[in-house]
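For reference, the structure is listed below as structure tokens.
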Amino acid sequence: MTNVPADLTPQIEAFLAALSQHASPATVTAYRRDLAALSAFAETRGVVSVKQLNTTFLRAFLASERSRGLAPRSLARRRAAGLSDCTFFFF
């Protein structure tokens, strides 16, 4: 088996579909953007499985976003999106 980056798109889309049942369209749009950033970061880190999206990975992602100058509220939302997405698949 080769170490090919995971395509997280199907998991993200499933989560967003579930989210859209009870969240506003603006929230779904914001989470889509946040999870796209998380997916891009995962690709740069060589993530090959959704199971690699753990607390250590999420902390590294948020540190990277902070170093890019992302505002505190945006960081908080990205954290919430990442945690919600992971919880959706693992619990």
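All of the numbers you see were taken from the coordinates with simple rules; none came from a lab. Because the structure is predicted, anything quoted here is derived from the model rather than measured. A quick note on method: Cβ atoms are made from the backbone with ideal geometry, for glycine too, and the neighbour counts reach across all protein chains shown.
Consider Gly69 against the criteria (1) loosely packed, with under 12 Cβ neighbours inside 10 Å; (2) touching a helix residue (DSSP H, G or I) at 6+ places or on another chain (Cβ under 8 Å): it satisfies all of them except one. Which criterion is unmet?
(2)
Here is a list: Leu83, Leu62. Which entry is buried (at least 18 other Cβ atoms within 10 Å of the Cβ) and touching a residue at least 12 places away in the same chain (Cβ under 8 Å)?
Only one candidate qualifies: Leu62.
Considering only residues that are surrounded by 19 or more Cβ atoms within 10 Å (Cβ to Cβ) and under 17 Å from Leu62 (Cβ atoms), which ones fall in segment 9-32?
The answer is Tyr31, and nothing else.
Could you check, for segment 61-84, whether at least one of its residues is outside any helix (DSSP H, G or I) and within 24 Å of Gln21 (Cβ to Cβ)?
Looking through segment 61-84, none of the residues is outside any helix (DSSP H, G or I) and within 24 Å of Gln21 (Cβ to Cβ).
When you look at Leu35, is it in contact with a Gly (Cβ under 8 Å, 6 or more places away or on another chain), touching a residue at least 40 places away in the same chain (Cβ under 8 Å) and surrounded by 11 or more Cβ atoms within 10 Å (Cβ to Cβ), yes or no?
Yes.
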